[in-house]
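Visitor: Have a look at this one.
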Amino acid sequence: MTKYPDDADGAVLSNMEADGVDMTQPLEIEFPVVAPDEEAANSIHNAITQAGYQSEIFFDNGEPDEDGLIDPDDEDFGPSWDVYAKITMAPEYHEIMRIQAELSQLAAPFGGECDGWGAMLP
């Protein structure tokens, strides 16, 4: 039985702990926030920064299909804008959930939302 909730975030934390990560030590955790376009990404970046998070904007050109073309309407492989909020913290379930909710709330007026998290492992 795991000490983490039975959901995707709990599974990641459980796997990290099983892999030997010291869950009491701070790690750099990134929270990607998807944005519909460049203007929204800039607005989300400003809102996240004003809320006290370090953040950066990232544009992905997308991946070409088998014909070598990039489909601008392809949600999975087309061009995309993301804002990454970064925080150094011990990976704790309830705090990770709180931050994801806060980032989604900050991004919502601009059409964005938090899309999970990832940790930079030593």
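What follows draws every value from the coordinates through simple rules; no lab data is involved. Bear in mind that the values here come from a model prediction, so they are computed numbers and not experimental data. Methodologically, a virtual Cβ is constructed for each residue, glycine included, from the backbone with ideal geometry; neighbour enumeration extends over all protein chains shown.
Visitor: Out of (i) 13.0, 40; (ii) 16.8, 53; (iii) 16.1, 48, which label holds the value of Rg and Dmax of the Cα atoms in Å that was computed here?
Guide: Given (i) 13.0, 40; (ii) 16.8, 53; (iii) 16.1, 48, the structure-derived one carries the label (iii).
Visitor: Can you work out the Karplus-derived ³J(HN,Hα) for every residue in the stretch 79-89? Use 6.51 cos²θ - 1.76 cosθ + 1.60 with θ = phi - 60°, whole Hz, and x for glycine or proline.
Guide: Once rounded to whole Hz, the list reads x, 8, 10, 9, 10, 9, 8, 10, 8, 9, 7.
Visitor: Just to be sure I understand: with springs between alpha-carbon atoms less than 10 Å apart, which residue in ASP67, ASP37, ASP19 has the highest mean-square fluctuation in the Gaussian network model of the chain?
Guide: Fluctuation is largest for ASP67.
Visitor: What residue among GLN25, GLN54, GLN105 shows peak mean-square fluctuation when the chain is described by a Gaussian network model with Cα springs under 10 Å?
Guide: Highest fluctuation among the options: GLN25.
Visitor: For the chain, what is the charge dipole size about the Cα centre, in debye to the nearest 20, if Lys and Arg each add +1 at the Cβ and Asp and Glu each add -1 at the Cβ?
Guide: On the way: 3 positive and 28 negative charges, 194 e Å.
About 940 debye.
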